[in-house]
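The values are calculated or read from the model by the stated rules, or taken from the named source; none is laboratory data. Keep in mind that this is a model prediction, so the values were computed, not measured. Don't worry about glycine lacking a Cβ; one is built from the backbone with ideal geometry, like all the others, and counts go over all protein chains shown. Remember, those area values only see protein heavy atoms, side chains included, never the ligands or the DNA or RNA. Shrake-Rupley method; radii C 1.70, N 1.55, O 1.52, S 1.80 Å.
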Amino acid sequence: MIRSTFAGMTTAFTALQANQKRLDISGQNLANMNTPGYTRQSLQTSSLNYNSPISHYMNNSSLVAGFGVHMDSITQIRDPYLDVQYRNQIHKSGYSDALQKSLDSLANIFDESHVEGMWQAIKNIQSSLINMQDPAKVNDPIFESELRSRMQALTNLLNDASTQLDAAEKAEFSKLDGTGTSEQGAVQRVNDILRQIGELNRHIKQNQIFGHESLELMDERNMLLDELASYIPIEVSYYKDLDYDGKDDGVAGRYHLDENGNIIGKREWPDDLRVEMHYTDANGVAQKITLVEGTTGKGNENYGQVEITGGSLDDPTKVALMFHGFQSGSGGQTAADIPFEATN
C-alpha cells in the first residue's frame, strides 16, 4: 500500500500536539498547587481512527493503524474514596470545633483560675462559719457583717454567671440563625450551599453536554461539598440521568457530527450529582433524605433547604430544625422522606 506523502508527518504531529498538551497540563497543575480547591488534571487520549465509530466495522485493522493520537478530553485526577473519607472526618472535625467553641464560652464564665472565683467565695463563707462556731462570736456584729458580706459576694458572682449564661445561649442561637450578627448563621449558610450546588449541577451538566469540561466549576462544587460536610453528615454519589435514552434529534450537542451535520457518534453523557444527608430517627433507625438531586426539574426544584421551626433569640433553649428534601416537578411535593426534625 502506498502511503500518503505526509501521513507519517501527520502521525508525528499529533503525537507532538498531545505531548505538548500534557506538558501544558503539568505546568497548570504545578502553577495551581496552592490554589484552594484545585484538582490535578490529566489528558485522556485515544487512537485517532477509533474516535469514529465507522472504524469499528472495518474488516482489516491494519487499514486503520498508524494515523496518530486523538486528544479526547481533560479530566480531573480525583479519588472518590478519599473524598468520602475526608468528608466523614471533616464532619467530625466541624462538630468538635463547634462544640469546643461553645465549651470555651462556658469555661470563661466558670473560670476558677482567678483568685476571687466562686470556689474562693465559698471557701471564705466556710471560713466565716467556722469562726462563728465559738459561742462568744455567734452574736458578734463584726463576724455577722463579715458573713453577710461574703454571702453577698457569692450571690453577686452567681447572678453575674446567670447573666453571662443567658448571653451565651443567645450567642449560640445567633450562630445558628444569624440574628443580631452581620454574618450568615449556620442555617442560612447551609441553604446557600445547597442552592449553589444545585445551580452548579445545572451549569456543569449543560456545559459538558456541549463539550466543555467545566473543571473549574467542578472544583468550586467540590469545595462547597466539603464545607457542607462540616455542617451535616452527607453522602455524595454520581449517576446517569435515567430519563436520557441516548436519542434526541433536537439536541445536536449530544452527538458528534461531521461537516455535513450527520451523526457519527454519541457524546459521553455527563454524570449527575446527588447529595444525601444521613441521620438516625427517634426510633433509632438509620434514615436518609435527599438534599440535592442532580438536575431534576426546573429552577430550585433540584435542591432542598433547612429551616428553624422552634426557639428564638428571647427563648433559645427550644431549637428545632426541619430538613426538607428536593422538590419534584409535579405539584411541588416533597420528593423525599418526611422531613427530619432535630431538636437540640
Inset, instruction - Those residues that are open to solvent by 40 Å² or more (accessible area, probe 1.4 Å) and either touching a strand residue (DSSP E or B) at 6+ places or on another chain (Cβ under 9 Å) or within 17 Å of residue 187 (Cα to Cα) (or both), I need them from the stretch 284-296; list them, please. - result: 286, 287, 288, 296
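For the stretch 271-280, name all the residues that are open to solvent by less than 40 Å² (accessible area, probe 1.4 Å) and farther than 16 Å from residue 327 by Cα.
Step one: filter the stretch 271-280 for residues open to solvent by less than 40 Å² (accessible area, probe 1.4 Å), giving 272-273, 275-277, 279.
272, 279, listed by residue number.
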Inset, instruction - Mind telling me which of the residues 226, 219 ends up being under 23 Å from residue 289 (Cβ atoms) and either acidic (Asp, Glu) or surrounded by 16 or more Cβ atoms within 10 Å (Cβ to Cβ) (or both)? - result: 226
Inset, instruction - Inspect all residues belonging to the stretch 28-47 and state whether any of them is β-branched (Val, Ile, Thr), open to solvent by less than 40 Å² (accessible area, probe 1.4 Å) and modelled with pLDDT under 90. - result: no
Legend entry - Of all residues making up the stretch 292-344, the number that are of a type in the set (A, V, I, L, M, F, W, C) and at pLDDT 70 or above: 10
Inset, instruction - State which residue pairs qualify: first residue over 25 Å from residue 268 (Cα atoms) and inside the stretch 206-230, second residue of a type in the set (Ser, Thr, Tyr) and open to solvent by less than 60 Å² (accessible area, probe 1.4 Å) in any location, beta carbons under 8 Å apart, and separation of 6 or more residues or different chains. - result: 230/93
Legend entry - Those residues of the stretch 297-307 which are in a strand (DSSP E or B) and surrounded by 18 or more Cβ atoms within 10 Å (Cβ to Cβ), in sequence order: 303, 305, 306
Inset, instruction - Report, ordered by the first and then the second residue, all pairs with beta carbons closer than 7 Å, sequence separation of six or more or different chains, a first member in the stretch 300-323 that is free of Cβ contacts under 8 Å to residues at least 40 places away in the same chain and under 18 Å from residue 196 (Cβ atoms), and a second member that is exposed (fewer than 14 other Cβ atoms within 10 Å of the Cβ) and of a type in the set (Gly, Ala, Ser). - result: 301/329
Legend entry - Looking only at the stretch 309-323, and only at residues there that are within 22 Å of the chain's Cα centre (by Cα) and buried (at least 19 other Cβ atoms within 10 Å of the Cβ), the one that is nearest to residue 234 (Cα to Cα): 323
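Anything in the stretch 69-104 that is of a type in the set (A, V, I, L, M, F, W, C) and loosely packed, with under 12 Cβ neighbours inside 10 Å? List them, or say none.
Our first condition is that a residue be of a type in the set (A, V, I, L, M, F, W, C); within the stretch 69-104, this holds for 69, 71, 74, 77, 82, 84, 90, 98-99, 103.
Passing the criteria: 77, 82, 99, 103.
Looking at the stretch 102-121, can you tell me whether even one residue there is closer than 22 Å to residue 275 by Cβ and part of a helix (DSSP H, G or I)?
Restricting attention to the stretch 102-121, the residues satisfying the condition of being closer than 22 Å to residue 275 by Cβ are none.
No, that holds for no residue.
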Legend entry - Residue satisfying all of: in the stretch 117-159; basic (Lys, Arg) and open to solvent by less than 80 Å² (accessible area, probe 1.4 Å); farthest from residue 107 (Cα to Cα) among these: 137
Legend entry - Members of the stretch 152-168 that are touching a residue at least 24 places away in the same chain (Cβ under 8 Å) and out of contact with any helix residue (DSSP H, G or I) (no Cβ under 6 Å at 6 or more places or on another chain): 158, 165
Inset, instruction - Determine whether the stretch 267-282 contains at least one residue that is closer than 28 Å to residue 304 by Cβ, at pLDDT below 85 and of a type in the set (Gly, Ala, Ser). - result: yes
